[in-house]
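To keep things clear, I will list the structure first and then write my remarks on it.
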Amino acid sequence: MAKKLDMMNAQEFATLVNEARANDNQSPVFPNPNNPYYFPEISALGEGVNYQDEVFTSAPVQNYNLSVVGGNEGLRYSVGGGYFGQDGVIKNSDFNRASFRSNLDIKIVPNFTLTTNITASHTWSNGMPSEGDGGGGTGGVVHGAVVMPPTVPIYDADGKYTMTNSTPGGTPSNNPVATVNHYKDEQTIDRFLGSIDANWQITKDLTLKVTFGSDMSTANRAYYWPKETHRGNSKNGEAYQRFRKDASYLNENILTYNKQFGKHSINAVGGYTWQVFHYKHFEASSTNYSTDLYLANNLGAGTTYGQPGSSKSQNQLASYLGRINYIYNDRYLFTLTARADGSSKFGVNNKWSFFPSFAVAWRVTEEEFLKDVDWLSNLKIRTSYGKTGNQNIDNYKSLAMLGTMNYNFGGALNAGVGPNNIPNPDLKWETTATTDAGLDIGLFNNRLSLVVDYYYKKTTDLLWNISTPSSVGFSSIFKNIGSLENKGLEVALGADVLTGEFKWNTQMNWSRNRNKVLEIPGYTPSTQGTLSGHLKVNGSWLEPGLPVGVWNLLKFDGVFQNEAQLAAGPRSTANNDKLGDARFVDKNGDGKINYTDDRMIVGDPNPDFIYGWTNNFSFKGFDFSVYLQGSQGNDIINIQRAETNISGPWGNQRREILNRWTPSNTNTNIPRARVTVDPLLLQSDWLIEDGSYMRVKTMTLGYTFTKIPYVSSLRLYVTGQNLITLTDYSGFDPEVNSQGNSNLQLGVDYNAYPSAKAVLFGLNVSF
Amino acid sequence: MKVKQTIFALTAALILLNGCHDSFLSEKVYSNITPINFYKTESDAQAALTSVYNTLRHSSSFQRQMLLAAEYPGEATWPNNSGEAWRTEMDQFTWTPSSTGFYQIWSQLYVTINRANTVLANIEGVQFKTPGAKEKIIGETRFLRGLAYLYLIRFFENVPLKTEENMTEIESTNEGTSDAVWALIFDDFTFAKQNLNAKNTGANVGRATAGAAQTMLTKAYLSYAGKPWNKTEYWSKAAQEAKAAIDNTAYGYDLENEYEKVFLLSNEHGPEYIFSVEYESFIGQGWDWPTFTGIRSGDQIKLDGWSSLTVETEFFNSMSVDDKRRSKTFVLEYTGINNPTITYTYPGNIAIPHFNKYIDRNDVGNGTADYALNHYVTRFSDLLLMHSEAENEANGPSQNAVYGINRVRARAGLPALEPSEYTKETLREAIFQERLWELCQEGHVWFDMKRMNLMTKRIKKFQVQEKHYVFPIPQNELDANPNLVQNSQYK
């Protein structure tokens, strides 16, 4: 486990609860003579339960690989397999994968080769609910481990698991220890990825390659909530099974022409490809079991059946492509590419779109005037312009779809069918036009190399849901609208510092990207989405002229420390501010705080720059490498902090809250204890932190044995992952994005599965 | 030459492949249906109608937000510091156009209207086999549309008019639409009244009836006669409709003898039932209102409550101890469900007063959001009280005017009102108070205060202004639609 949060103990928490209740004119919670087991005298409480310790554990990793490589003129082969296993940072969770690979290159006749590449893997894992919203007492273990008050004992007076947090005014969080010890969630995936290529050398210069490939996987998830858990208890056991099958089939037909005559060198490629994606799924659930023994394996044994579900969908892609590379005298390079891509996802008139590009480069070091400059081994100047398309959206977005909308009459379910969306037959490809200019420099026989690139990308016809007036019956329509720019600089520096018996190679890369929304016709800037339902935390702010993902919230300005400050304001219009309550910056200067009028851009999840640095050392048979990576200037919106730091009896709080405002501790910026959260605090930059970090991502030490009989090489290694992280971020891990699937919500930490410090032992054997 | 022939052959093959392109890229849809192959048969039309009913049980509609908007501003309920800022804003009259709940309510009501319009737009193409089925479906659809518009116009006053005729219009205006919207409401309810069954049985229980349409028509006339439209000629129209519905034996409306019986899970469609939002457990049709109003950590219901809509102490004290409705309206005493040795009482070891109407210990579903107890959109006592109100406003205090209110009071064990002791204004207030005791927690009070012009008079705890008699057009809507105009009180 990389890091645990510093939370309060039982005495500190109980003191906070009583203080919050007293501040808001309510009776104390501790002690409760009617319920002394759960609410004893504060002095009788000790440290209490440390739920993080109960739920998190160390996570050993194993990785083994075996391969056989060889062959002759007619047949070359590479066959291998491996096993990877990792225990989860949350108890009773793990991940295992066994995989097999077989690549064969068969020369049937001198100008006809058949190649097969086959990979098969079987993955099996045990999961634990972690991510997401803490509302409604969901089973999320990360949420529970942090928020469950230390005053709540794991077991009740009868020795059975405490079901939920019974602290008045508290989060109805489920007991995470019960979940971790008894919840079962098995997932298996079988995957086959294979292709067969036929390579026909028609003439000396002309080759045809035809490929058929397929990627098929079958996955199953089976989970069961037994009666020891709160969710299982309330439903008398809940079993769920889900099967899904994904399959894609690909065919590529590429013709390649290579010709060299005099100083001219031509390489031309033309081809046609198509690909089909199939998806099918089935799920069912049952509750009300008389016994937990079946786990999820016998849905029929439950006495109440849940609604089953299934679906089937498909999408297709087709492309024509062509490219010409022309090199004159080994120094002037020209490339021209044209693609026409078609996708089934778009409207009837817009399935196809055209994407051209061209690139020019000059190998300056091939010129006569540089031939004698020995120290400059490589200098290449290049520039390019091209268009690419994006069709990474759900299927069927252009069609009018009808959905299931049931109701009940006479106590029975009646099927309902109604419109699910506004159709958009004009839906088309999203296009990005990229301009790039770059420089490659190599010094001292390429012992030192530098690559610099500057790029400018403009994306137009952005595909997303834009708000419509609700009088249409829908609040959004999916269409192509708006444009976005990304521009930046990438620098990579590499050096073979030492090349003798002791080798040292270093590689550094640094990049800086700036994105900005350019324009969205007909759109009034507004927040996009919601990050937490029950806490009412809004999503990012989308506005032309600003980057994607910024947050437009109130700016926190300390607390009202004394009467003079409270009188001076500015006070919020909705709340009844008291001493010790939060104060915010009054942006429009009207003396009152109101979310809509006083918010401002307070954070940007996009980093100022990111970087990485690898150092590889080798000496005799030993190899040692260190990989460091980091990000600077990115902000994170820490929703988990909102769940744990709202200064009241809602759940356990971080120890920084010991420094909260009280009449005897007025010189502080931490708000006072209160029974319910100040809602404006959740709409302010109180939640936003600097997520800059530098991390030693991997460190590997290995030794290769070469003189073992029958074996061409054997390498033993030990790798440390995430050993050191330097960051000011207070959450579990600054490398986080709980809303990874969303383009608009970046840098969100909402109970993300904590990253692990791991030590991995491994073995590579080649025959 | 061999190369040329090869290239020719390959090119020919590619051109041939091109031919099957367009069909290659057409969408293949399997587990969804599209309008192209739907809206053909009678059961398609029934399913389309069901999708309109489905909108009622959405949390932005009757399932929660609309009930909260209608209840929190009143003097009987408050949100007990529960999560959402909007709830406190409603309770304390500090709301703004950006307050979150208004946008949710507005957009969900338009979902109802859009689905209803979809049914009406497509029903002409359907082949009906059962005689009368088409009129019934149209009748129920128009009832639901009328219901949605009635709530919209009473909440927001200036709303866009969307019917099956202008469904493709995107940026509809809300200026000057008021008369046309009211005309549509009256028209829709009248059609429904003339075409629906007087009573539904068996598998059709829960569908709108002619009685429900007539009751909502009464409510529509009553609202149009009250503030701010003040079309006073509609008072007597409302009284007439109400009387006709009360006297209609085919509807069979009557009051339950015991107030408790009205809210029993086993008696959801008794003689007092007119129209409810239907909920059922175990089939994905439940709701969480009992959890919402149940006592947090109170051992009152098995899956615990959230105490998010609770009783104002002054209101609790306002009900007479002899009022027979008291024990079912408020939680007075119960034994713990997990720990029966403990008895909870209010006043006593329960900290604040709670509502008891939607708490039925036989109501157990598949979790905290799967309760089956239905929600009365209107019931017979509402109709009786509306009749009294309409009569009083049209003709002043009289035996006719106190008929309805006295029937309700008799059931509650309270003495009858004597018309000679009242003026129109004092009787109006007495009717308002009776509505509060009879119908609290059921989503009526904001409309009552608005219609009867009693908001500033009744609410003393907070700063009530004229603008609070109407909700603002949600800011999100103004941002998305340049043809919408904010209500003048909020400019």
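The values are calculated or read from the model by the stated rules, or taken from the named source; none is laboratory data. Since the model is a prediction, treat every value here as computed from it, not as a measurement. FYI the Cβ positions are ideal-geometry reconstructions off the backbone, even for glycines, and counts take in every protein chain you see. Each accessible area value is taken on the protein alone, full model and side chains, heavy atoms only, with ligands, DNA and RNA left out. Shrake-Rupley method; radii C 1.70, N 1.55, O 1.52, S 1.80 Å.
Let me check something: with ligands and nucleic acids excluded, how do A:ARG191, B:ARG326 order by accessible area (1.4 Å probe), largest to smallest?
Working: A:ARG191 105, B:ARG326 40 Å².
From most accessible down to least: A:ARG191, B:ARG326.
Report, to the nearest whole %, how much of the accessible area of the protein assembly as shown belongs to carbon and sulfur atoms, 1.4 Å probe, protein only.
Its accessible area is 53 percent carbon and sulfur atoms.
Over what distance in Å are the Cα centres of the stretch B:252-292 and the stretch A:452-516 separated?
56
Do any GluC sites (Glu not before Pro) in the stretch A:1-69 lie in a loop, going by DSSP, with at most 13 other beta-carbon atoms within 10 Å of their beta carbon, and if so which?
On the way: sites: A:GLU12, A:GLU19, A:GLU41, A:GLU47, A:GLU54; in loops: A:GLU41, A:GLU47.
Loop-located and lightly packed - A:GLU41, A:GLU47.
Mind checking the dipole of chain A: about its Cα centre, +1 per Lys or Arg Cβ, -1 per Asp or Glu Cβ, Debye to the nearest 20? Write out the running numbers ahead of the final one.
Numbers: 65 positive and 70 negative charges, 397 e Å.
Here the size comes out at about 1900 debye.
Rounded to a whole number, what is D in µm²/s for the protein assembly as shown from Stokes-Einstein with the Kirkwood radius over alpha-carbon pairs (37 °C, 0.692 mPa s)?
Working: Rh = 35.1 Å.
Answer, rounded: 94 µm²/s.
Starting from the residue with the highest accessible area, list A:HIS143, B:HIS58 in decreasing order, probe 1.4 Å.
Values: A:HIS143 5, B:HIS58 80 Å².
The ordering from most to least exposed comes out as B:HIS58, A:HIS143.
For the stretch A:551-626, which chymotrypsin sites (Phe, Trp or Tyr not before Pro) are in a loop by DSSP, counting at most 15 other Cβ atoms within 10 Å? Mind dumping the intermediate values first?
Values: sites: A:TRP551, A:PHE556, A:PHE560, A:PHE584, A:TYR595, A:PHE609, A:TYR611, A:TRP613, A:PHE617, A:PHE619, A:PHE622, A:PHE624; in loops: A:PHE560.
Here no loop site has a sparse enough neighbourhood.
Dipole of the stretch B:40-182, Cα-centred, from +1 at each Lys and Arg C-beta and -1 at each Asp and Glu C-beta, to the nearest 20 debye?
Details: 12 positive and 17 negative charges, 115 e Å.
My answer is approximately 560 debye.
Using only Cα atoms, locate the centre of the stretch B:30-88 and the centre of the stretch A:689-767, then give the distance between them in Å, rounded to an integer.
Answer, in whole Å: 47.
Hey, what did chain A get for relative contact order, percent, Cα under 8 Å, at least 6 apart? Before the final figure, lay out the partial values.
Working: 2095 pairs, mean separation 81.3, N = 767.
RCO, chain A: 11 percent.
Sorted by accessible area (1.4 Å probe), largest first, how do A:TRP375, A:TRP661 line up?
So the residues, ranked largest to smallest area, are A:TRP375, A:TRP661.
Not counting ligands, DNA or RNA, and with a 1.4 Å probe, what is A:MET508's accessible surface area in Å² rounded to the nearest 10?
80
Please give the solvent-accessible surface of A:HIS534 in Å², to the nearest 10, using a probe radius of 1.4 Å with every protein chain present.
The accessible area of A:HIS534 comes to roughly 50 Å².
Using just the helices of chain A, give the 222 nm mean residue ellipticity in deg cm²/dmol: DSSP H runs with n ≥ 4 each add -39,500 (n - 2.57), and the total is spread over all residues, rounded to 500. Don't skip to the answer; put the middle values down first.
Numbers: 8 runs with 55 residues, N = 767.
So the calculated ellipticity at 222 nm is -2000 deg cm²/dmol.
Below 8 Å between Cα atoms, with a sequence gap of 6+, how large is the relative contact order for the stretch A:7-182 in percent?
Numbers: 341 pairs, mean separation 35.3, N = 176.
That works out to 20 percent.
Compute accessible area for the stretch A:278-316 by itself and then with all protein chains, 1.4 Å probe, and report residues whose area falls by 50 Å² or more.
A:LYS312, A:GLN314, A:GLN316
Between chains A and B, what is the buried accessible area in Å², counting both sides, with a 1.4 Å probe and ligands, DNA and RNA left out, to the nearest 100?
On the way: alone 37560 and 21320 Å², together 52710 Å².
Interface between A and B: roughly 6200 Å².
Can you find, among B:TYR376, B:VAL29, B:PRO73, the residue farthest towards the positive end of the dipole of chain B? Put +1 on the C-beta of Lys and Arg, -1 on that of Asp and Glu.
Looking along the dipole axis, the top candidate is B:VAL29.
Rounded to the nearest 20 debye, what is the charge dipole size of the stretch A:7-182 about its Cα centre when +1 sits on each Lys and Arg Cβ and -1 on each Asp and Glu Cβ?
Details: 7 positive and 15 negative charges, 188 e Å.
It works out to roughly 900 debye.
Using +1 at the C-beta of Lys and Arg and -1 at the C-beta of Asp and Glu, which of A:THR303, A:ASN23, A:ILE196 has the Cα lying farthest in the positive direction of the dipole of chain A?
Farthest towards the positive end: A:ILE196.
How large is the accessible surface per residue of the protein assembly as shown, computed with a 1.4 Å probe and reported in Å² as a whole number? Kindly include the intermediate steps, with their values, before the conclusion.
Working: 52710 Å² over 1258 residues.
Ligands and nucleic acids excluded, the figure is 42 Å² per residue.
Name the trypsin sites (Lys or Arg not before Pro) in the stretch A:591-647 that are in a loop by DSSP and that have at most 10 other C-beta atoms within 10 Å, would you?
Details: sites: A:LYS592, A:ARG599, A:LYS620, A:ARG641; in loops: A:ARG599, A:LYS620.
Sparse-neighbourhood loop trypsin sites (Lys or Arg not before Pro): A:LYS620.
Beyond a 25 Å Cα-Cα separation, which of these cross-linked pairs lie in this structure: B:LYS219/B:LYS467; A:LYS259/A:LYS458; A:LYS487/A:LYS757; A:LYS487/A:LYS536; A:LYS536/A:LYS757? Please list the in-between numbers first.
Values: B:LYS219/B:LYS467 23 Å; A:LYS259/A:LYS458 36 Å; A:LYS487/A:LYS757 34 Å; A:LYS487/A:LYS536 34 Å; A:LYS536/A:LYS757 33 Å.
Distance filter (> 25 Å) returns A:LYS259/A:LYS458; A:LYS487/A:LYS757; A:LYS487/A:LYS536; A:LYS536/A:LYS757.
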